[in-house]
Amino acid sequence: MREVWFVPFVNPDGYVANQVIRKNRRPTCRSSKNGGVDLNRNFGVHWSSGFDGCNEEHGGKQPFSEPETQALKTICEDNSFKTAMNFHAYGSMLTHPYNWANTDLLPAEDKAVYKEIARVFGFKKFGTAIQTVGYTTTGESDDWMYSARHIISMSPEVGPESGGFWPPRSEIAGINSRNFDRTSYVVLKAGMELMVEGAYQRLEEFLQKGPRPPGLDDLVGGIPESLLQIRISNLGLSSSVGKVLHVGIQGVAVGTPGDGGLLLQDGKTQQLFAANGIISFQVGTIEKRSSRTVWIIPARSWQAGTLLTCVAEAASGSRVCHCSSSGREIYALPDSTISGSSKLCAAALGVQGFTTAEPIAEVPGVAQTRIPATTGFATTAPFFQIASGTTRLPFSLGQEKLMESSSLPGDLSQDTVSATWLLLALGITFVGMFLCLFMQSYVVPRAVARRAPTALDYERIPGLQVSRVEEDSDDLGFSPHA
């Protein structure tokens, strides 16, 4: 469950003036055009009085001197927000704290969170103000929200450079669509963001590292050669709701075998039975930025298939599952009469005939594992990957072809080829930089307009009607006003 707050206009006076005025309309200068307070310089972290009332970056007489910033301050103090997005234009980039600093001072754990968000956003530029726009800022909103309230706050600069403050109408639909998806991902990140990863390993190697699980020698058909390790991770900024998570997995046991397997978690061994190719069980709550690991020892009669996972938080009255579908997260309602995610959700929640695992005995186990702050998760999947994307397992349980943790000789050869191409690319880059420096004295400087182009400029000046494709600039083939 998420509660989302929207502030449509932080600077309503500037919006009404409709002249790309970045300051509010407080009279701070003899010139009404140059007067006003830059609201994004009026927040109470590293605020500066170094800009006079006519300057574009005038930050007011003191921090939070303006009613607009006071209102945002009150909203943040009255709520426990986890994330915030302060939309700006333009440039197709993402900035985050600390924007007042010349170096990146974020702690490693929060830096990993911002990297995960930036990877999903897909902007080529991302970082602090000095890393993206080339200058530092004072009294900035993201810096205050992060420093004072520890909100993971960021400022997407939406729209391409070519569109300026007034992008052509044909580009608006594309800008809206992409930033809706980006906003949805940040909303997801504020709560519990789940990722499920699975890998098979040799059972013999697993048994060498710990005690023998109870019930292993009693499995019908004998002891299997492999077991499945599943890591359930919470990449979000909030812990899971409730004392347990309901998990349903399809693809571990194809068909409807009656032989039971084993589930190992938290020092306990439980017996698992598959129903319609689905197994279901529960795991304990997962704290933010943490993970839990379980091991499944299958019966020899089970055959591996395509792995699909649904996970449901045990919130009061909640009957919704997070499931994966074609690499994207979908929400599913439990219904055992419908195939696919709805049936898997019903299995996870124990609805209509599906039962959870049955306990056998206790063995030494592993508790929650904290996600390393230095790396985070190198996920390249699209938005909303709560459960793992549909993962094809390239082998059956009875086969000897297993995934190994160490690198294979072919991997080493691939690394060598990659390194060669990297060195070649660096050499070409250095040559290009030398040529640019050599030709710099022959370049004639151009005069740059001191104001943003207006809609009328786009109609009158052909040079502003850019046709090249940039990030956030493609025409989706329809007009939002159609």
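Please treat every number below as a calculation from the coordinates, not as lab data. Nothing here was measured: the structure is a model prediction, and the numbers come from that model. All Cβ positions, glycine included, derive from the backbone under ideal geometry; neighbour counts span all protein chains shown.
In the structure shown, the pairs K73/K243; K61/K115; K82/K115; K61/K189; K82/K125; K111/K343 are assessed against 28 Å; a Cα-Cα span above that value is assigned to K73/K243; K61/K115; K61/K189; K111/K343. Each residue in R289, R319 was given a count of other beta-carbon atoms within 10 angstrom of its own, and listing them fewest first yields R319, R289.
Loop-resident chymotrypsin sites (Phe, Trp or Tyr not before Pro) (DSSP state other than H, G, I, E or B) in the range 1-47 with no more than 13 further Cβ atoms inside 10 Å of their Cβ: W5, F6, F9. When peptides 181-192, 150-161 are ranked by their average number of other Cβ atoms within 10 Å per residue, the highest-first order is 150-161, 181-192. Placing a pseudo-label 7 Å from each Cα along the Cα-to-Cβ vector at Q208 and R119 gives an inter-label distance of 3.1 nm. Over the range 12-190, the ratio between the Cα radius of gyration and 2.2 N^0.38 Å evaluates to 1.03. Classify the range 186-327 as rounded, prolate or oblate, taking a ≥ b ≥ c as the square roots of the eigenvalues of its Cα gyration tensor: rounded when a/c is under 1.5, otherwise prolate if a/b is larger than b/c and oblate if not. Note, shape of the range 186-327 comes out prolate. Just report the Cα centroid separation between the range 222-294 and the range 1-68, whole Å. The two parts, judged by their Cα centres, are 52 Å apart. Neighbours of I278 by Cβ distance under 14 Å: Lys/Arg scored +1, Asp/Glu scored -1, total 0.
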